[in-house]
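First comes the structure, then the notes that go with it.
Each value in this text was obtained by applying a stated rule to the coordinates, not by laboratory testing. This is a predicted model, so every value here is computed, not measured. Virtual Cβ from ideal backbone geometry, glycine too; neighbours counted across all protein chains shown.
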Ligand code: FES
């Protein structure tokens, strides 16, 4: 009688308990596989689109400012584009080689628009030929190096690539030296610039430029 009772309890509508558990296990495995596939697709799909902060921006090379001229503002990408050359006197009030810089600074850089102190949005101040932060007074040279603190370091930079006129062939790209993007010198046949705002390197801590002039507050 006892065996008959157990047997009846294990059967429901023609499906044994073992079969029922097997179906549940199979359904769980199928759900797990579907979730894994979904996650894989999510990782493979680019999270940012072209022209959206976090993604890439492709610009005609003629949007570049003149060498050592005031920076060009790209609000959607949250960066400034600068064109640097400390070997020429034009614009040396904006861009100059400091005493502790053994090599000239040449090329194009894309500078993140957020102050390295506490994250305010700083601005280019034409009358003073430098970037200035309205929150606590940090100042930066045209290439983003600190002139005055409290900013703890140089402004961050994004990767810049020089593209041919097919918008695909990469002719040159910012090199990373000491974990920081260096300005890229554009080959003569550069037609477009691609700025990758998903590829940012943190600016280094360098001596304040005002300390060379004895002019720090
Ligand atoms: S946030 Fe820019 S100086 Fe403080």
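Ignoring solvent entirely, what values of log10 I(q)/I(0) come out of the Debye formula for the chain at 0.08, 0.15 Å⁻¹ when each Cα is a single scatterer?
Taken in order of the listed q values, log10 I(q)/I(0) reads -0.41, -0.97.
Scaled to the compact-protein estimate 2.2 N^0.38 Å, what is the alpha-carbon radius of gyration of segment 88-217, rounded to two decimal places? Before the final figure, lay out the partial values.
Numbers: Rg = 15.3 Å, N = 130, 2.2 N^0.38 = 14.0 Å.
Compared with the compact-globule rule of thumb, segment 88-217 sits at 1.09.
Need the C-alpha centroid separation for segment 64-91 versus segment 131-178, integer Å.
Taking the Cα centre of each part, segment 64-91 and segment 131-178 sit 10 Å apart.
Could you list 178, 90 in order of exposure, starting from the residue whose Cβ has the fewest other Cβ atoms within 10 Å? Don't jump to the answer; show the numbers that get you there.
Working: 178 7, 90 12.
In increasing order of surrounding Cβ atoms, one gets 178, 90.
With the cut-off at 1.5 for a/c, could you classify segment 87-156 from its C-alpha gyration tensor as rounded, prolate or oblate? Walk me through the intermediate numbers first.
Details: a/c = 1.91, a/b = 1.64, b/c = 1.16.
Since a/c reaches 1.5 and a/b is larger than b/c, the shape of segment 87-156 is classed as prolate.
Report, in deg cm²/dmol and to the nearest 500, the calculated mean residue ellipticity at 222 nm for the chain, where each DSSP H run with n ≥ 4 adds -39500 (n - 2.57) and the sum is divided by the residue count. Could the numbers behind the result be given before it?
On the way: 3 runs with 40 residues, N = 217.
Calculated mean residue ellipticity at 222 nm is -6000 deg cm²/dmol.
So for the chain, averaging the separation of alpha carbon pairs under 8 Å that are six or more residues apart and normalising by length, what relative contact order in percent results? Display every interim value, and only then the final one.
Values: 416 pairs, mean separation 36.9, N = 217.
17 percent.
Give the calculated FRET efficiency between residue 118 and residue 35 to the nearest 0.05, with a Förster radius of 25 Å applied to their Cβ-Cβ distance. Please report the intermediate quantities before stating the final value.
Working: r = 40 Å, r/R0 = 1.60.
E(calc), rounded to 0.05, equals 0.05.
Using a 10 Å cut-off around each Cβ, can you sort 81, 155, 118 from fewest to most neighbouring Cβ atoms? Let's see the in-between values first.
Numbers: 81 22, 155 25, 118 12.
The fewest-first ordering by Cβ neighbours comes to 118, 81, 155.
How do 170, 61 rank when sorted from fewest to most other Cβ atoms within 10 Å of their own Cβ? The partial results should precede the final answer.
On the way: 170 10, 61 15.
Least to most surrounded, the residues fall as 170, 61.
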